[in-house]
Every structure is written in structure tokens, then in C-alpha cells.
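The values are calculated or read from the model by the stated rules, or taken from the named source; none is laboratory data. Because the structure is a prediction, the values reported are computed rather than measured. Here the Cβ is made from the backbone with ideal geometry for all residues, glycine too, and neighbour counts use every protein chain on show.
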Ligand code: AP5
Ligand code: MG
């Protein structure tokens, strides 16, 4: 575990099943950066039966995107609630913004006035058949957003979350036909979004790989290169001592 020396405000962009949630979780643990996933927020709304949840449910199950203004309002209120709109905070966004209009609204209405612009946008590139294979084997714990895969990172107890022991579920949009629609939407929206970030200084960084381990190693290096790190020596010594005792 380590800490970054400079505030990192990071967006993870990538098609369905590319590992945004998986990489976010690893960065969150490694550098103690808090995160928001737009998909997880919507799944919470669906579970709680809110007005947004009712709107989101049918849109998500068709593989389409929620209206830009709705999505921006939902995430912006979360950023404000967490007091993240400041130049000194670090955070990760998983899955928002994902259209050019969302990025413009977020920047103009929230980040620029707070002097808290995004300083790293990571584009994950994974082969399509690997992504389809992953989502058809995915299980999720909706309350926390933790994701599992029946082959890659299965839960310790079948069908149960490792931390809470609560039941895991399959996402209704994790079906091959809906996956193809999500992928089509992603491709249509991403090109303009990537172009937008290309014009925002040196923030865009793309990484390709077949596995999350290969991608994570490069991502970790890039984060450290950009933001610097100070290693938590007590945690290192604890883990070395634990290793020696094994
Ligand atoms: P969202 O929940 O963001 O879905 P998504 O973008 O389709 O991405 P996923 O969550 O499916 O994939 P991921 O990249 O997080 O992959 P993961 O790490 O889980 O959004 C859902 C919907 O909400 C959207 O379709 C839209 O309708 C709506 N929405 C959300 N944001 C919106 C916005 N901004 N605007 C409008 N609408 C919005 O990995 C996938 C699986 O692979 C997991 O099971 C994982 O364990 C496994 N895995 C990871 N790495 C490996 C590996 N190396 N080998 C094998 N398995 C692996
Ligand atoms: Mg996800």
C-alpha cells in the first residue's frame, strides 16, 4: 500500500467487461483513492426503487445510455455530497462521463469552477471476445459494487460475497445480446469523448492487454509516474513480518 504525492483525479473509460470496476478496485486498495461507479449508483437506485431507478432499469436492460443531463446531475450531486470538488482531493470515476456532452457539462458546471479538473483519463482496450466471456461469468454484490468472475476471481463461498456473506447476483444486462448493444453504444460515444480529452492537455492515456494483471501493472506504473508515491513503510514491514512468520 502507498499514497500518492499529488492529487489524482482519474477517469476510467472502457467498453463493457473491459475491467473498469476491477482496475478501480485495485487502484483504490493500492493508493487508497475513493471511487464512484455510475453503473453502481444506478443499480442502487434500481434496488431502492427510486424515480431514477425506475427510469434506469428499462434503459440499462436495453443496453442504452441514460440521458446526459440526468446522469450528470446524479454524479455531480454525489461529488458534492462527498466534498470532492476541491483541487486537493483524489478520486476515481468509473463509467462517467461516457459521452462528449457529459464531459463538457461536468467540466463546465462542476470541475472547472472548483479548479478540480480531471488529470488522468485511462482508456482500457481489451479484445471483444475476452470481454464477452468475462461478463457472462460475472457475479456482483450490488450493495458494495464488488465484482467476481466464476473463473478469474471466484467468491470464496459459492454465490456469496467474500466480505459480508450476502448473496451475489447476475446483472440483467450481462447477456450476449444486450452486451452487443452496450458495445455499439460505447463505440458510438467514445470516439467524440476521446477526441474531447485529447484536447484537454496531457490527460489521455490508453492501455491494452488481454488480462487485468497485465493492464494493472502498466496502470500502476503510469499513476506513480504522474502523481508520485510515498510507500507506507509500516504496512510493508507488517506484510514482510507476516511473510517471515509463514
Ligand atoms: P456500467 O455498470 O458502468 O457497465 P459497463 O460500462 O457496461 O461496464 P461493466 O461494469 O459491464 O464492465 P467493467 O468494465 O466495469 O468490467 P468489470 O471490472 O466488472 O453501466 C451499466 C449501464 O448503466 C450502462 O449500460 C448504461 O445504461 C448506464 N450508465 C452507466 N453510466 C452511464 C453514463 N455515464 N451515462 C449514461 N448511462 C450510463 O469486469 C468484468 C468481469 O470480468 C468481472 O466479472 C471481473 O471479475 C472479470 N475480470 C476482470 N479481469 C479479468 C481477467 N483478467 N480475466 C477474467 N475475468 C476478468
Ligand atoms: Mg463496472
Looking at residue 72 and the list (1) farther than 19 Å from residue 224 by Cβ; (2) surrounded by fewer than 22 Cβ atoms within 10 Å (Cβ to Cβ); (3) away from ligand 2 (no atom under 16 Å from the Cβ); (4) without any contact (Cβ under 8 Å) to a residue 60 or more places away in the chain, which single condition is not satisfied? (2)
Subset tally (residues that are within 14 Å of ligand 2 (Cβ to nearest atom), assigned to a helix (DSSP H, G or I) and either without any contact (Cβ under 8 Å) to a residue 40 or more places away in the chain or under 11 Å from the mean Cα position of the chain (by Cα) (or both)) for the range 1-51: 14
One residue is enough: does the range 76-97 have a residue meeting the conditions in a helix (DSSP H, G or I) and closer than 17 Å to residue 187 by Cα? no
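For every residue, the table says whether it meets (1) over 14 Å from residue 121 (Cα atoms); (2) touching a helix residue (DSSP H, G or I) at 6+ places or on another chain (Cβ under 7 Å); (3) assigned to a helix (DSSP H, G or I).
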residue	(1), (2), (3)
181	yes, no, yes
186	yes, no, yes
190	no, no, yes
196	no, yes, yes
201	no, no, no
Keeping to the range 212-246, report how many residues are at pLDDT 85 or above and assigned to a loop (DSSP other than H, G, I, E, B). 1
In the range 52-75, what residues are more than 23 Å from residue 111 (Cβ to Cβ) and in a helix (DSSP H, G or I)? 53, 54, 55, 56, 57, 58, 59, 60, 61
